[in-house]
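A short write-up of the structure that comes next.
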Amino acid sequence: MIVVLKPNTPKERASALIEWLKSQNLTVHISEGEINTVLGLVGDTGEIDMDLVSSLDIVEDVKRVSDPFKCCNRKFHPKDTVIEVGDVKIGGGHFCLIAGPCSVESEEQIVEVAQKVKAAGANILRGGAFKPRTSPYAFQGLKADGIELLLEAKKITGLPIITEIMNANHLPLFEDVDIIQVGARNMQNFELLKELGKLKKPILLKRGLANTLKELLMSAEYIMAGGNEQIILCERGIRTFETQTRNTLDISAVPMLHELSHLPVVVDPSHATGVRSLVEPMALAGAACGADGLMIEVHNDPMHAWCDGAQSLRPEQFAEVAQKVLAVREALRK
Ligand code: PEP
Ligand code: MN
């Protein structure tokens, strides 16, 4: 249920209503807009007398929300959510460029890539330490050592880091990680999502290989219902009948998610295509349709990458993409 307060409602009157709603066992999400304050109510609203709330002189409107996702719903929170990671902001007009290798391989590799992507304009460093591989015989990541190396690269470059979690038991290792990534394969690992809901740390939630946007939002809802509202959604392509590309980038997901939700949306053109030559055009498409950021795989030596070399850009290619992305964003502002 949504309660829209009238413009210029005195703070004390609003607080009194909020306290009363909380006493009815509801969680109240407060969104202060330019004109109206919107109260998003989560819980069993069936017992609430809507007529009584509507009749209050400070209430402009009361609406039931039939969508199953509440906390991440734009109706609950009309303003864009802005996620802050150190000096970097994501959402609400702020754009992030996340870049780095698929997997952390060595100190030299991650530090070199970090320095080069930073020089090219990236503001967040990615690198997998725990890798979800299709084959159990493939490289599974450097695990705890990989996170240590990311932290080393962060110390040297100042870039905040993002890396993927696969098991809630590993959470203590993620203490100093700036953004925790939930990969496509774990989008519906509900027990993991519930654990992440207990944190006060940004989570980048990737869309599952065969999941709808509603399902993605319901997964975000799992994290938000636990109290962690810092979520970045990521479109990384879905599985279709097409085999020329690794996945099919659902570019319309970006404006659709923006309509449905206030959460920032990032596009990953690397996993969406699996093809190096397609990363740039899809990155530009993401920027052009209003994504709040991009996540791009960059490797200093893609030919010898331990994972996803075929879709990884060399640092100088990434620098070119970053320039063009800036130009697209500039063009949109005009
Ligand atoms: C990744 O970003 O390293 C990754 C494994 O991506 P996805 O979960 O989208 O496949
Ligand atoms: Mn990868």
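The values are calculated or read from the model by the stated rules, or taken from the named source; none is laboratory data. On a predicted model such as this, the values are computed, not experimentally measured, just so you know. When we count neighbours, we look across all protein chains shown, and the Cβ atoms used for this are built from the backbone with ideal geometry, even at glycine. SASA here: full protein model, heavy atoms, side chains in, ligands and nucleic acids out. Shrake-Rupley method; radii C 1.70, N 1.55, O 1.52, S 1.80 Å.
Beyond 18 Å in Cα-Cα separation lie the following of the pairs Lys131/Lys198; Lys131/Lys206; Lys89/Lys201; Lys22/Lys194: Lys131/Lys198; Lys22/Lys194.
Dividing the radius of gyration of the alpha carbons in the range 180-334 by their Kirkwood radius gives 0.98 for Rg/Rh. Each of the GluC sites (Glu not before Pro) that DSSP puts in a loop and that has at most 14 other Cβ atoms within 10 Å breaks the chain; the longest unbroken stretch is 35-174. Ellipticity at 222 nm from helices only: DSSP H runs of n ≥ 4 in the chain, each -39500 (n - 2.57), divided by the residue count, give -10000 deg cm²/dmol.
Using a 4.7 Å Cβ-Cβ cutoff, the cysteines of the chain lacking any partner cysteine are Cys71, Cys72, Cys96, Cys234, Cys289.
With Cα atoms defining each centre, the range 42-63 and the range 134-190 are spaced 44 Å apart in the structure. Listed by chain and number, the aspartates and glutamates whose C-alpha is less than 12 Å from the C-alpha of Lys324, apart from same-chain residues fewer than 8 away, are Glu280. In the context of the full set of protein chains, residues of the chain present 45 Å² of accessible surface per residue (probe radius 1.4 Å, heavy atoms only).
Can you find, among Gly227, Pro202, His262, the residue sitting farthest towards the positive end of the charge dipole of the chain, where Lys and Arg contribute +1 and Asp and Glu -1 at Cβ? The residue sitting farthest along the positive end of the dipole is His262. When the convex hull of its Cα atoms is viewed from all sides, the range 57-116 shows a mean projected area of 7.6 nm².
Carbon and sulfur: what percent of the chain's accessible surface (1.4 Å probe)?
Details: 7740 of 15010 Å².
Carbon and sulfur together cover 52 percent of it.
Considering every Cα-Cα pair within the chain, what fraction, in whole percent, is farther apart than 37 Å?
The calculated P(r) of the chain puts 21 percent of pairs beyond 37 Å.
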